[in-house]
Structures are given as C-alpha cells and as structure tokens.
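Enquirer: Handing you a structure now.
Every number in this text was worked out from the coordinates using simple rules, so none of it is lab data. What you are looking at is a predicted structure, and each value in this text was computed from that prediction instead of being measured. Backbone-built Cβ (ideal geometry, glycine too); neighbour counts: all protein chains shown.
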C-alpha cells in the first residue's frame with residue numbers, strides 16, 4: 001500500500017542520483033534506484049517561460065534496518081526536492 005505525502009526533503013546526490021535524504025528528521029540511505037524518469041513542465045505555467053523539468057526517482061531506502069520504497073521529485077525550476085510517495 002502506498003501513501004501520498006508531498007513533503008519537502010533535503011537530498012544528497014552523487015553523479016545526479018540521490019544517495020541519501022532527510023525526511024521527518026530521519027536520515028534515509030538510498031540502497032537502490034528502482035526507476036527514474038523526467039517530465040517537462042509546461043512553459044505557460046512558469047513566470048519566465050523556462051519550463052524546466054521535474055525529475056523523479058523511485059528508490060529503496062532505509063533509516064536503519066527497515067527497507068521501504070520511496071518516490072522522490074526534484075524540480076529544476078525551484079531546485080527543490082519532495083518526497084511524494086512511500087510504500088510499506
């Protein structure tokens with residue numbers, strides 16, 4: 001079962017891939033990238049006409065021993081990360 005969140009997170013990357021993130025004051029280590037995709041934003045929804053991209057990652061990560069799946073999003077226009085979804 002998955003749950004939707006949309007919570008801002010802090011993410012560390014290596015070579016463009018997320019390696020760890022902090023969500024709700026807990027550090028999660030990314031064990032494996034399961035999927036990655038990019039969606040272009042519509043130019044009319046931005047102020048300067050620069051659409052940017054939204055980069056998505058589905059990862060396996062854990063704050064300790066419990067491994068879970070998480071969907072992360074990076075918005076190139078705002079340079080912000082969100083945790084969108086988590087699977088039990």
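Enquirer: Using a Gaussian network model of the chain whose springs link C-alpha atoms within less than 10 Å, name the residue from 71, 15, 53 with the highest mean-square fluctuation.
Expert: 15
Enquirer: For 27, 84, what's the fewest-to-most ordering of other Cβ within 10 Å of each Cβ? Walk me through the numbers on the way to the answer.
Expert: Values: 27 14, 84 18.
In increasing order of surrounding Cβ atoms, one gets 27, 84.
Enquirer: For residue 7 and residue 31, calculate 0.36 nm times their separation in residues minus their Cα-Cα distance, and state this gained length in nm to one decimal.
Expert: The span from residue 7 to residue 31 would gain 6.6 nm if fully extended.
Enquirer: Right, here's the next one. Using percent of Cα pairs over 20 Å apart as the read-out, say which of [x] 32; [y] 51; [z] 28 was calculated from these coordinates.
Expert: Answer label, from the structure shown: [x].
Enquirer: Order by neighbour count: 5, 70, fewest other Cβ atoms within 10 Å first, most last.
Expert: 5, 70
Enquirer: Using Cβ contacts closer than 10 Å as the measure, can you line up 57, 12 from fewest to most?
Expert: 12, 57
Enquirer: Over the chain, what is the relative contact order in whole percent, taking alpha-carbon pairs under 8 Å and six or more residues apart?
Expert: Rounded, it is 31 percent for the chain.
Enquirer: May I pose another question? Pick out which of 22, 11, 59 has the largest mean-square fluctuation in a Gaussian network model of the chain, springs linking Cα atoms closer than 10 Å.
Expert: Of the options given, 22 has the highest mean-square fluctuation.
Enquirer: Still on this model: Taking 0.36 nm per residue of separation and subtracting the Cα-Cα distance, what length does fully extending residue 20 through residue 66 add?
Expert: 15.1 nm
Enquirer: If you build a Gaussian network model of the chain, linking Cα atoms that sit under 10 Å apart, which residue out of 75, 66, 35 swings the most?
Expert: Ranking 75, 66, 35 by mean-square fluctuation puts 66 first.
Enquirer: Residue 88 to residue 53: FRET efficiency via 1/(1 + (r/R0)^6), r the Cβ-Cβ distance, R0 25 Å, to the nearest 0.05?
Expert: Once rounded, the FRET efficiency stands at 0.30.
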